[in-house]
1. Treat each spin label as a single point 7 Å out from the Cα along the C-beta direction, and report the residue 86 to residue 38 distance in nm.
2. Kindly write out, for segment 130-142 in residue order, the coupling ³J(HN,Hα) from the Karplus curve 6.51 cos²θ - 1.76 cosθ + 1.60 (θ = phi - 60°), rounded to whole Hz, with x marking Gly and Pro.
3. Could you give the length gained on full extension between residue 194 and residue 139, defined as 0.36 nm per residue of separation minus the Cα-Cα distance, in nm?
4. Provide the per-residue ³J(HN,Hα) series for segment 78-85, in order, calculated from phi with Karplus coefficients 6.51, -1.76, 1.60 and θ = phi - 60°, each as a whole number of Hz, with x at glycine and proline positions.
5. How many times 2.2 N^0.38 Å is the alpha carbon radius of gyration of segment 132-193?
6. Using the heavy atoms of the protein chains alone and a 1.4 angstrom probe, what is the accessible area of segment 59-155 per residue in square angstrom?
7. Taking 7 Å along the Cα-to-C-beta vector as the label spot, tell me the residue 61-residue 78 distance in nanometres, rounded to one decimal.
8. With viscosity set to 1.002 mPa s at 20 °C, what whole-number translational diffusion coefficient in µm²/s follows for segment 57-140 from Stokes-Einstein and a Kirkwood radius over Cα pairs?
Amino acid sequence: VLPAQKFDNIWFSGYDGGSGSPNNDQFGINIFDFSSGALQVYDNQDIDMWFYSANSSMCDDVGNLLFYSNGVNIYNKQHLLMKNGNGLNQPDGKDGYLLPQGVLTLPFPGHPNQYILFSGTKRYYPGISQHMGYVYYSVIDMDAENGLGRVAQKKVLLISDTLDAGKITAVRHGNGRDWWILVNESNTNRFYRI
């Protein structure tokens, strides 16, 4: 039996943060922290981005924040742009990417201190509503940049098809180490299973 791992200990949500925002007294970024065993919620007015739709964060196996993404860029634990972490997508509006479950991060099995970030990109088809057209993966190496991490491989094409908007999901493999990634083909009962 594997010990409990805390890769999902810290979550980000919210929008219109940052000290330069005219609305920073009403809105901002919320950080949900499960490290103490009970939910703690913190406001952070210094993170100047949106987590309006696409968002993902990653902690190490004991629950310390490593990095996070809003579907546009990847930021390190110091809330600074990670080396080579820009340009996953063009922002919608301020700094967020409007694609529900459009970003997913997992530990890279068999590669200590490396993580895989899956990201979707929207595509518009004539006469059809918005869909996701592509799923990419990026590899993040947390041994680089004195532990602040670096994107070692960025936006490697994994799937190109007419896909449901977002909804990138994963489930732990029965072997307890690997992961199944599931992406639904739009308007069908077919799934990509990776």
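1. Once both label points are built, they end up 4.3 nm from each other.
2. Coupling constants for segment 130-142: 4, 9, 9, x, 9, 10, 10, 10, 10, 9, 10, 9, 7 Hz.
3. Going from the current span to full extension adds 18.2 nm.
4. 8, 6, 10, 4, 5, 3, 6, x
5. On the way: Rg = 14.5 Å, N = 62, 2.2 N^0.38 = 10.6 Å.
Normalised Cα radius of gyration, segment 132-193: 1.37.
6. Numbers: 4300 Å² over 97 residues.
With the other protein chains kept in place, segment 59-155 gives 44 Å² per residue.
7. Roughly 2.7 nm, to one decimal.
8. It diffuses with D of about 156 µm²/s by this estimate.
The values are calculated or read from the model by the stated rules, or taken from the named source; none is laboratory data. Not measured: the values here are computed from a predicted model. Note that each Cβ is placed from the backbone with ideal geometry, even for glycine, and that neighbours are counted across all protein chains shown. Only protein heavy atoms, including side chains, enter the accessible area calculation; ligands, DNA and RNA are left aside. Shrake-Rupley method; radii C 1.70, N 1.55, O 1.52, S 1.80 Å.
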